[in-house]
Amino acid sequence: SKECELLDGKLKPVTFIDTADVYCQDHTDIGHNERLIARALREWSAHEVIVATKGGLERPDGDWTTNGRPEHLRSACEASLRALGVEAITLYQFHAPCDHHPFADSVGELSRLREEGKIQHLGLSNVDVDEITTAQAIVPIVSVQNRCNPHDTTAWDGGVLARCEADGMAFLPYSPVGGSYGKGDVASDVTLREVGGRHGVSPYEVALAWLLASSKAMIPIPGASKVSSAVSSAEAAAVQLSAVDMAALDAAFL
């Protein structure tokens with residue numbers, strides 16, 4: 001199909017995929033998305049791809065709960081190794097601070113897994129600046145993954161993006177085009193539509209292009225349930241926003 005041709009040659013290849021053990025229906029199918037990704041990459045190996053995954057949440061009966069117990073993180077990491085079919089996970093991220101167990105203890109166990117060679121690099125998700133500081137005192141941190149999009153700029157307001165820039169960490173905005181509940185607001189946003197109209201692209205592509213242009217630390221991780229959405233996200237990397245565009249977008253969202 002035309003979409004597959006675009007993915008196969010006319011666009012720069014996607015070389016980073018983010019997943020998690022809990023991207024599944026419920027606790028009975030932990031690792032579902034990891035297994036899908038591993039199978040897809042075995043069948044299509046045209047490009048080298050970095051797969052990052054996460055641990056620290058659970059899905060009891062479809063709910064989302066935190067579990068930062070060191071024992072859980074160890075078993076989750078080892079299960080992810082099996083699901084992905086790798087000897088070491090390139091980037092393993094602590095999915096979220098736990099509601100019941102000390103943050104430093106969780107990070108300490110991930111540090112031990114890194115020392116054992118099961119993890120190459122460590123990242124954090126859903127954290128604030130103080131938690132980043134706590135983690136950095138224990139082990140090197142290479143990335144932070146927090147929610148961020150034109151309608152959620154807490155990464156700027158809370159200082160997390162600035163901290164990533166200052167310390168040379170990647171910032172991975174999740175839900176960069178609004179996520180399941182915010183994508184409609186992005187699609188109808190007047191400023192995004194006006195800028196998109198000037199470039200002949202969708203508001204979603206403008207949102208991604210704005211994030212990319214806002215900071216060298218930014219590596220947005222948009223999700224997609226259709227091939228056309230994945231193609232659109234990839235095309236956003238080629239959108240060249242002008243100084244006028246950036247001024248309008250910054251004024252609207254920052």
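The values are calculated or read from the model by the stated rules, or taken from the named source; none is laboratory data. All values reported here derive from a predicted model rather than from experimental measurement. Glycine gets a Cβ as well: all are built from the backbone with ideal geometry, and neighbour counts include every protein chain shown. Accessible surface is based on the protein model in full, side chains and every heavy atom, while ligands, DNA and RNA are left aside. Shrake-Rupley method; radii C 1.70, N 1.55, O 1.52, S 1.80 Å.
Can you sort His101, His95 by 1.4 Å-probe accessible area, starting with the largest? It would help to have the intermediate numbers written out before the result.
Values: His101 65, His95 15 Å².
Putting His101, His95 in descending order of accessible area: His101, His95.
Can you list, largest first and rounded to whole Å, the semi-axes you get for the chain by taking the square root of 5 times each eigenvalue of its Cα gyration tensor?
Semi-axis lengths for the chain are 31, 22, 16 Å.
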Dimensions in Å of the stretch 20-68 - Rg and Dmax from alpha carbons: 12.6, 38
DSSP loop chymotrypsin sites (Phe, Trp or Tyr not before Pro) with at most 16 other Cβ within 10 Å excluded, longest remaining stretch of the chain: 65-254
Residues with amide H under 5 Å from that of Tyr174, placed H, sequence gap 5 or more: Asn146, Arg147, Cys148
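On average over all directions, what projected area in square nanometres does the stretch 148-201 have, based on the convex hull of its Cα atoms? Mind dumping the intermediate values first?
Numbers: hull surface 17.9 nm².
Approximately 4.5 nm², given one-decimal rounding.
State to the nearest 20 debye the size of the charge dipole of the stretch 148-254 about its Cα centre, where the only charges are +1 on K and R beta carbons and -1 on D and E beta carbons. Present the calculation step by step, with values, prior to reporting the outcome.
On the way: 6 positive and 11 negative charges, 48 e Å.
The calculation lands at about 240 debye.
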Count of lysine pairs in the chain with Cα separation under 29 Å (8 or more residues apart, or interchain): 19
Solvent-accessible area per residue, Å², over the stretch 199-254 with all protein chains present [probe radius 1.4 Å]: 48
The chain, accessible surface, carbon-and-sulfur percent (1.4 angstrom probe): 51
Under the Karplus curve 6.51 cos²θ - 1.76 cosθ + 1.60, θ = phi - 60°, whole-Hz ³J(HN,Hα) for the stretch 119-125, x wherever Gly or Pro sits: 10, 8, 9, 10, x, 10, 9
Debye log10 I(q)/I(0) for the stretch 163-254, one point scatterer per Cα, at q = 0.14, 0.20, 0.21, 0.22 Å⁻¹: -0.48, -0.97, -1.07, -1.16
